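Only one structure is covered here, and it is reproduced in the block below.
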C-alpha cells in the first residue's frame, strides 16, 4: 500500500517500477505465474495502446507484469475495496458506459494520455467472458488510437491449471460480486496465465470499426494458438 501513496508524485519510471513490483507481489500471493509469448515493441515505439480479451480483474495485474500502463475501466471498479483505490492511484480512466457524453470525454483523456507519453490498456469486449473465445470488440474506445495513430499491441490471455485445463476459478462473470470473485481466485489451485503478444500495428487508414474487427480477429487467432 505504500506504493499507492507514492505513485501520484513519482516520475513515470518510478511509477512503472512500483506498479510492476506490486503486481508481481499480488500474483505471487494468488499463486499465478505469468508466461509471456512474443515480444513487446521496443521502448522507442512507446507509448502504445494494448488491447486484450477480458476474463477477470486479475487481467490488469497480469498486464502490469508485462508492461505497466494506465487502464480504461468501467466506473464500478472505482468502488471496489482496495483494488479500486489502487486503480485510481495508478491513473485509471473510469468510464460510465451508459453515458455517451462521458465516453467522448474519456476519448479526449485518452488522447491526452498518449500526448503525455502514457501507454493505455483497453478491453474492447467491454465485458468479461470465460476466456475460451473472444466476444465482439466495441469500437468507441479505439477512436483515440485512430486519431493519434497510436501503435497498438493486440494481446490474448488464457488462464489454466498445471494439468493444462482452463482455470474455472478466474472468470469474473454473470452476477458474481467482486468479493465472490476474490474468494474463488484465492481458493484456486496454483495456476498459470499465458500472455500471447501479437505483432504491433498502426491504425493507418482503418476507421475505428474496421480496427475493432481487425483486432478482434487477431486476438481470436492468438487465443486459439494458446489452446491445447
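The values are calculated or read from the model by the stated rules, or taken from the named source; none is laboratory data. Given the structure is predicted, the values throughout are model-derived calculations rather than measurements. Cβ coordinates were reconstructed from backbone atoms using ideal geometry, including for glycine residues, and neighbour counts include every protein chain displayed.
Does residue 32 fit the bill of being within 20 Å of residue 124 (Cα to Cα), in contact (Cβ under 8 Å) with a residue 60 or more places away in the chain and surrounded by 14 or more Cβ atoms within 10 Å (Cβ to Cβ)?
no
Across region 126-147, what is the number of residues that are closer than 19 Å to residue 70 by Cβ, in contact with a strand residue (DSSP E or B) (Cβ under 9 Å, 6 or more places away or on another chain) and surrounded by fewer than 18 Cβ atoms within 10 Å (Cβ to Cβ)?
Result for region 126-147: 1.
Do we find a residue being closer than 28 Å to residue 12 by Cα, surrounded by 21 or more Cβ atoms within 10 Å (Cβ to Cβ) and under 14 Å from the mean Cα position of the chain (by Cα) anywhere in region 100-110?
For region 100-110, residues closer than 28 Å to residue 12 by Cα, surrounded by 21 or more Cβ atoms within 10 Å (Cβ to Cβ) and under 14 Å from the mean Cα position of the chain (by Cα): absent.
For residues in region 166-178 being out of contact with any strand residue (DSSP E or B) (no Cβ under 7 Å at 6 or more places or on another chain) and free of Cβ contacts under 8 Å to residues at least 40 places away in the same chain, which is surrounded by the fewest Cβ atoms within 10 Å (Cβ to Cβ)?
Per the criteria, the residue is 175.
Looking for something farther than 26 Å from residue 218 by Cα and out of contact with any helix residue (DSSP H, G or I) (no Cβ under 7 Å at 6 or more places or on another chain) - is there at least one such residue anywhere in region 115-136?
yes
Looking at 88, 83, can you tell me which residue is more than 12 Å from the chain's Cα centre (by Cα), at pLDDT below 80 and under 27 Å from residue 37 (Cβ atoms)?
Exactly one of 88, 83 is more than 12 Å from the chain's Cα centre (by Cα), at pLDDT below 80 and under 27 Å from residue 37 (Cβ atoms), namely 83.
Given the residues 172, 137, which is the only one that is modelled with pLDDT of 95 or more, farther than 25 Å from residue 40 by Cβ and within 16 Å of the chain's Cα centre (by Cα)?
Residue meeting the stated conditions: 172.
Does residue 42 fit the bill of being touching a helix residue (DSSP H, G or I) at 6+ places or on another chain (Cβ under 9 Å), closer than 29 Å to residue 218 by Cβ and at pLDDT 80 or above?
No: the conditions fail for residue 42.
Among (1) surrounded by 13 or more Cβ atoms within 10 Å (Cβ to Cβ); (2) farther than 30 Å from residue 110 by Cα, where does residue 186 come up short?
For residue 186, the failing item is (1).
Determine which member of the set 157, 142 is closer than 21 Å to residue 59 by Cβ, touching a helix residue (DSSP H, G or I) at 6+ places or on another chain (Cβ under 8 Å), part of a helix (DSSP H, G or I) and touching a residue at least 40 places away in the same chain (Cβ under 8 Å).
Unique residue meeting the criteria: 142.
Name every residue in region 10-24 that is touching a helix residue (DSSP H, G or I) at 6+ places or on another chain (Cβ under 8 Å), assigned to a helix (DSSP H, G or I), closer than 11 Å to residue 90 by Cβ and modelled with pLDDT under 90, in order of residue number.
15, 18, 19, 22, listed by residue number.
Against the definition (assigned to a helix (DSSP H, G or I) and either free of Cβ contacts under 8 Å to residues at least 40 places away in the same chain or surrounded by fewer than 19 Cβ atoms within 10 Å (Cβ to Cβ) (or both)), how does residue 113 come out, yes or no?
no
Looking only at region 27-59, filter to residues that are in a strand (DSSP E or B) and under 14 Å from residue 69 (Cα atoms); which one of those is farthest from the chain's Cα centre (by Cα)?
Looking at the filtered set, the residue picked out is 48.
Restricting attention to region 74-91, which residues are under 28 Å from residue 132 (Cα atoms) and surrounded by fewer than 21 Cβ atoms within 10 Å (Cβ to Cβ)?
74, 75, 76, 77, 78, 80, 83, 84
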